[in-house]
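Every number in this text was worked out from the coordinates using simple rules, so none of it is lab data. Because the structure is predicted, anything quoted here is derived from the model rather than measured. Glycine gets a Cβ as well: all are built from the backbone with ideal geometry, and neighbour counts include every protein chain shown.
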Amino acid sequence: MRSYKNEELGFEIEIPENWHTPILESQNKIVFDIAPSQTIIILVERLSPERLLEFTQYEFMQYCRARGYTGVEFGRIYVENKEHVCAIYNMGNDNWAKKYMIVFDYVEYGITGLCSGKKELIESEKQWDTIVRSFKLVKWREKEGRSIKGFRSKTEGELYEEAYELAEAGRYQEACLTLEKCLRENPNHIQAHKELAFILKNTGDVKGACMHRQIVKKLDPSDQINQYNLAIIYYMLGSKIEAMLEIDELLLKQPNDERYIATRKYFITNSN
């Protein structure tokens, strides 16, 4: 194995000696072409907000369904002492892939292995897992992560930062208890309400999430992301009139927003 380091994108990994230089290195994408029938793609993207593992999995499942991918199987992989989501899926015509969704401090390093045939997937998967487990952040990216955490602690408070780190580690119950303590000290802490809503929704307590989204809307009516999430939650709860009212209000603010238009159409199409 030898080291491949991309200083600009902020990471390094160990790759087999026989892998050649990437055939593509763009602003956020790297492609290794491995003869005769394998490809490794690394795509680096900013996330806002950083997602729970369950939500990452849910979003990727929606992505696969929209593209007609089948045979989706999810798993977990530990990288840099943190758990991340990975998934195997069939892209059609017996072309298989395994994607690793490696997330650190608002950045996702999506590493995807592509091959032809299930047999080759089984043969390649162990090597891909080893490569992904070798992933490391370079020093400036580690420093950026510490800076983000420090800024979050300074602007939102130490309790909020503690809760955020607990949620990031998958300790959602402890994160909720810490956020509730944060809100007892400051009932108008917008980020604490939003973080609680995010965790509660994606761990099954949609009613609890709705309450916190409603509070955020009262505290900051201009927050369109929160209002959009509130509309989705109303729809999930079967409150379709309230969901439509929120979307219509958003469309008054942004009449050409494709996401709002598509969501309104979905609400109408799927209403009984």
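Summary of computed values
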{"quantity": "Backbone N within segment 106-121 under 19 Å of label point (7 Å from residue 70 Cα along the Cβ vector)", "calculated": "115-121"}
{"quantity": "Tilt relative to the chain, helix 224-236 - C-alpha long axis, 0 to 90 degrees, to 10", "calculated": "90"}
{"quantity": "Per-pair calculated FRET efficiency, R0 = 22 Å: residue 130 and residue 3 via Cβ, rounded to 0.05", "calculated": "0.95"}
{"quantity": "Lysine pair count for segment 157-269 [Cα-Cα under 14 Å; pairs on different chains or 8 or more apart]", "calculated": "4"}
{"quantity": "Share of pairwise Cα separations in the chain, more than 31 Å, in percent", "calculated": "38"}
{"quantity": "Distance in nm between pseudo-label sites at residue 95 and residue 240 (7 Å out along the Cβ direction from Cα)", "calculated": "3.8"}
{"quantity": "Relative exposure of 98, 217, 5, judged by other C-beta atoms within 10 Å (fewest first)", "calculated": "5, 217, 98"}
{"quantity": "Relative contact order, percent, the chain [alpha-carbon distance under 8 Å, six or more residues apart]", "calculated": "12"}
{"quantity": "Sequence ranges 177-190, 245-258, 221-234, ranked by mean other-Cβ count within 10 angstrom, highest first", "calculated": "221-234, 177-190, 245-258"}
{"quantity": "Cα centroid separation, segment 188-220 to segment 47-120 (Å)", "calculated": "27"}
{"quantity": "Between 0 and 90°, nearest 10: helix 240-253 axis offset from the chain longest Cα axis", "calculated": "80"}
{"quantity": "Candidate lysines - alpha carbon under 28 Å from residue 5, same-chain residues fewer than 8 apart omitted", "calculated": "29, 82, 98, 99, 126, 136, 139, 143, 149"}
{"quantity": "Between helix 172-185 and the chain: long-axis angle, C-alpha atoms, 0 to 90°, nearest 10", "calculated": "40"}
{"quantity": "Residue 29/residue 186 FRET efficiency (R0 45 Å; Cβ-Cβ; nearest 0.05)", "calculated": "0.60"}
{"quantity": "Relative contact order (percent, whole number), segment 157-269, Cα cutoff 8 Å, 6+ residue spacing", "calculated": "14"}
{"quantity": "Residue 248 versus residue 138: modelled label distance in nm, points set 7 Å from Cα along the beta carbon direction", "calculated": "5.3"}
